[in-house]
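**Q** There's a structure below that I have some questions on.
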Amino acid sequence: MLQKTSPYMRQANLIGGEWVQADSGATIDVVNPATGVKLGTVPKSGRAETRRAIEAADAAFATWKKSSVLERHKLLRKLHDAIMDNQQTLAELLTMEQGKSLTEAKGEVAISAAYILWFAEEGRRTYGDVVPSPWVDRRVIVTKEPTGVVAAITPWNFPSSMLARKIGPALAAGCTAVVKPASQTPYSGLAWGALAEEAGFPKGVINIVTGAAGEIGDEICANPLVKKITFTGSTEVGKILLQKAASTVKKVSMELGGNAPFLVFDDADVRRAVEGAIVAKYRNSGQTCVCTNRFFVQAGIYDEFVEKLAEATAKLKVGPGLEEGTQQGPLIDMRAVEKVEELVGDATAQGGKVVTGGRRHALGGSFFEPTVIAEATPSMRFMREEIFGPVAPVFRFETEEEAIRLANDTEYGLACYFYTGDLGRAFRVMEGLKYGMVGVNEGLITTVEAPFGGVKESGLGREGGHQGIDDYLDTKYVCIGGLGL
Ligand code: NAP
């Protein structure tokens, strides 16, 4: 069965605790990328609905900020339990709107729950300081307070977990939220509203608005009640939001695009490197910000690596995400397929060799064959552009210095990976790579306990880890004088 019904599939905005349609009654269709069949609709909202959602969040903030950390902790734990109790149902909904395999969708739902649990705990540890005073009769205290109304905008590739990393710390810190999920995958975002109701969060603490991205974004940026914007998506849209948010000087966190390099040195364990390469490249059909975009392999093991990678790639089972055994779902839409095709065409025109895949999949629609391209060169578009599809270009290098230079030759700096058996080299390369996250002999490194985020044009701020709650807190310095000591 490729389509199921879900109690969590809400086709309305959540504003101040009410599930409502857009003022105009206009809607957006949501389509299952595996079948092209319409799943349902969501409201096509604009500025007015967003303003009301912000006002509802602001009204709720007045009481939510005064709730005790223990109360928030308990509610977040209930939210965690509600997610895990419904893991299968939520995963099916995710697969239906996004396309990824049910196994991956269940994993995403589980990590969403894990982020909520992590921040339930971290919320109790937002310590301030008592600073040794330079004055005899004054005392110096530093406290942490919730920032206020947070607006969260998220992409379609991880429609559940990208929100978990924002909702978790926001609510734990005592902030309230206005959420705008991606239009192609809004149901996993709206499900957060239903889950929060189930867990017992007060009305208005979480508000969710779907619709016209530009209008919603404009209201979020211009409205002085919004104190922080947290965005995950493309660098292009991130730059627009940064510019617009400047008009009201909001706090911003930006999780933007990536162009991850994956370096394999002659001294690496090739079998392990290929295993890591498969997960670092083909997870979510290559549609993740931390997916390997460029493989750089040292000349001595180049042929062996390409052969083994192609062999493992050709074995990946492509199919609808809800079908048993599927490892690779469809791409999100036909535009994504066309882009991948263009990049493959650009590479082959410049001498790239398709070792496996390279074409639209026989299943039709937006399915694409998992692909390996050998003899990639820096003049190919892969070098600069996010592929966001199941294509692995493999470049050849001779020296460590050259590998580091090529890996860093991008405006992005999110995740990178490298494989070596030499400890000294591991440290040299790790220190030489200008990235926010580094996998050494590992191809899958995301975990709630560690700070996720990038440098350069990959963004600002960190999500997860103990750092992930900082952006939702304001620091207040209090000087208490006249103590007569
Ligand atoms: P996108 O086009 O930037 O869209 C992301 C979100 O922004 C969507 O909700 C979109 O709404 C909204 N949006 C678009 N234009 C807007 C505007 N002018 N004002 C306000 N909001 C606006 O990105 P995407 O294609 O969905 O996602 C893929 C990108 O996300 C890739 O670049 C990927 O690397 C990046 N990403 C980064 C991370 C990270 O943690 N660093 C994680 C995942 C993905 P609509 O859907 O309604 O257009």
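The values are calculated or read from the model by the stated rules, or taken from the named source; none is laboratory data. What you see is a predicted model, and the numbers here were worked out from it, not measured in a lab. Cβ sites come from the backbone with ideal geometry, for glycine too, and all protein chains shown count toward neighbours. Surface areas here come from the heavy atoms of the whole protein model, side chains and all, with no ligands, DNA or RNA. Shrake-Rupley method; radii C 1.70, N 1.55, O 1.52, S 1.80 Å.
**Q** For region 365-482, what is the percent of antiparallel DSSP beta bridges, rounded to the nearest 5?
**A** Roughly 10 percent of the DSSP beta bridges within region 365-482 come out antiparallel.
**Q** Given a 1.4 Å probe, how much area per residue of the chain is accessible, in Å²? It would help to have the intermediate numbers written out before the result.
**A** Numbers: 18800 Å² over 485 residues.
Ligands and nucleic acids excluded, the figure is 39 Å² per residue.
**Q** While we're here: At 222 nm, what value in deg cm²/dmol follows for the chain if DSSP H runs of at least 4 each add -39500 (n - 2.57) and the sum is divided by all its residues, to the nearest 500?
**A** Values: 13 runs with 177 residues, N = 485.
The per-residue figure over the chain is -11500 deg cm²/dmol.
**Q** Compute the helix-to-body angle for 423-432: its Cα long axis versus the longest principal axis of the chain, expressed 0 to 90° and rounded to tens.
**A** The angle comes out near 60 degrees.
**Q** Over region 168-291, what lengths in whole Å, largest first, do the semi-axes of the equivalent ellipsoid take, defined as the square roots of 5 times the eigenvalues of the alpha-carbon gyration tensor? Before the final figure, lay out each step's value.
**A** Details: eigenvalues 235, 77, 37 Å².
Taking √(5λ) for each eigenvalue gives 34, 20, 14 Å, largest first.
**Q** Hey, could you pull the Cα Rg and Dmax for region 328-482, both in Å?
**A** Here Rg and the maximum Cα pair distance are 20.1, 79 Å.
**Q** Note down the relative contact order for the chain as a percent, whole number, built from C-alpha pairs under 8 angstrom at least six residues apart. The partial results should precede the final answer.
**A** Numbers: 1161 pairs, mean separation 90.2, N = 485.
Answer for the chain is 19 percent.
**Q** I would also like to ask the following. Thr35 accessible area, nearest 10 Å², 1.4 Å probe?
**A** 60 Å²
**Q** Computed over the Cα atoms, what is the radius of gyration of region 67-177 divided by 2.2 N^0.38 Å, N being its residue count?
**A** Working: Rg = 18.1 Å, N = 111, 2.2 N^0.38 = 13.2 Å.
Relative to the 2.2 N^0.38 Å estimate, region 67-177 comes out at 1.37.
**Q** When the Debye formula is applied to the Cα atoms of region 129-176, each taken as the same point scatterer, what base-10 log of I(q)/I(0) results at q = 0.13, 0.19, 0.25, 0.26 Å⁻¹?
**A** -0.50, -0.68, -0.89, -0.92
**Q** On to the next question. If you take every DSSP beta bridge whose two residues both sit in the chain, what share of them, in percent to the nearest 5, is antiparallel?
**A** Numbers: 27 of 67 bridges.
The antiparallel proportion sits near 40 percent.
**Q** How far is helix 102-122 tilted, in degrees, relative to the longest principal axis of the Cα atoms in the chain, given as a value from 0 to 90 rounded to the nearest 10?
**A** That works out to roughly 40 degrees.
**Q** Normalised by the empirical 2.2 N^0.38 Å for globular proteins, what value does the Cα Rg of the chain take? Mind dumping the intermediate values first?
**A** Values: Rg = 23.4 Å, N = 485, 2.2 N^0.38 = 23.1 Å.
Relative to the rule-of-thumb radius for its length, the chain sits at 1.01.
**Q** Now a separate question. With a sphere of radius 12 Å drawn around the Cβ of Ile387, what net charge do the other residues whose Cβ falls strictly inside it have (Lys, Arg +1; Asp, Glu -1)? Walk me through the numbers before you get to the answer.
**A** Numbers: positive: Lys281, Arg294, Lys339, Arg381, Arg384; negative: Glu341, Glu342, Asp346, Glu385, Glu386.
Charge balance near Ile387 sits at 0.
**Q** After finding the eigenvalues of the alpha carbon gyration tensor for region 4-109, what semi-axes result from the square roots of 5 times each, listed largest first in whole Å?
**A** Values: eigenvalues 155, 109, 16 Å².
The answer is 28, 23, 9 Å, longest axis first.
**Q** Could you work out how much longer the chain between Arg405 and Trp135 gets when fully extended? Use 0.36 nm per residue separation minus the Cα distance between them, nm to one decimal. Let's see the in-between values first.
**A** Values: separation 270, 0.36 × 270 = 97.20 nm, distance 5.19 nm.
So the extension gain works out to 92.0 nm.
**Q** What does DSSP give for region 239-392 in terms of the percent of beta bridges that are antiparallel, rounded to the nearest 5? Each step should come with its number before you reach the end.
**A** Working: 4 of 12 bridges.
Roughly 35 percent of the DSSP beta bridges within region 239-392 come out antiparallel.
**Q** If I fit a long axis through the Cα atoms of helix 186-199 and take the longest principal axis of the Cα atoms of the chain, what angle between them do I get, 0 to 90°, rounded to 10?
**A** Around 40 degrees separate the two axes.
**Q** If the viscosity is 1.306 mPa s and the temperature 10 °C, what Stokes-Einstein diffusion coefficient in µm²/s follows for region 148-202 when Rh is the Kirkwood radius over Cα pairs? Spell out each step's value before the answer.
**A** Details: Rh = 11.3 Å.
My calculation gives 141 µm²/s for D.
**Q** Taking 8 Å as the Cα distance limit and 6 or more residues as the minimum spacing, I'd like the relative contact order of region 315-441 as a percentage. Don't skip to the end; give the middle numbers.
**A** Numbers: 186 pairs, mean separation 21.8, N = 127.
Rounded, it is 17 percent for region 315-441.
**Q** In addition: Under 13 Å from the Cβ of Asp422, count the other residues' Cβ atoms, weight Lys and Arg +1, Asp and Glu -1, and hand me the total. Spell out each step's value before the answer.
**A** Values: positive: Arg425, Arg428; negative: Asp266, Asp267, Asp269, Glu400.
Combined, the nearby Lys, Arg, Asp and Glu give -2.
**Q** In a shell of Cβ-Cβ distance under 10 Å around Ala48, excluding Ala48 itself, what net charge do Lys and Arg (+1) and Asp and Glu (-1) give?
**A** On the way: positive: Arg47, Arg51, Arg52; negative: Asp23, Glu49, Glu215, Glu219.
Computed value for this residue: -1.
**Q** Further question on the same structure: Please report, to two decimal places, log10 I(q)/I(0) for region 369-456 at q = 0.25, 0.26 Å⁻¹ as given by the Debye formula with identical point scatterers on the Cα atoms and no solvent.
**A** The computed values of log10 I(q)/I(0) come out as -1.52, -1.53.
**Q** Using a 1.4 angstrom probe on the protein heavy atoms only, could you order Arg165, Arg138 from most to least accessible area? Before the final figure, lay out the partial values.
**A** Values: Arg165 5, Arg138 80 Å².
In descending accessible area the options line up as Arg138, Arg165.
**Q** Under 5 Å between amide hydrogens, which residues at least 5 positions from Leu473 or on another chain qualify, with H placed 1.01 Å from N in the peptide plane?
**A** Long-range HN contacts for Leu473: Thr147.
**Q** Mean projection of the alpha-carbon convex hull of region 433-485 over all orientations, in nm²?
**A** 6.7 nm²
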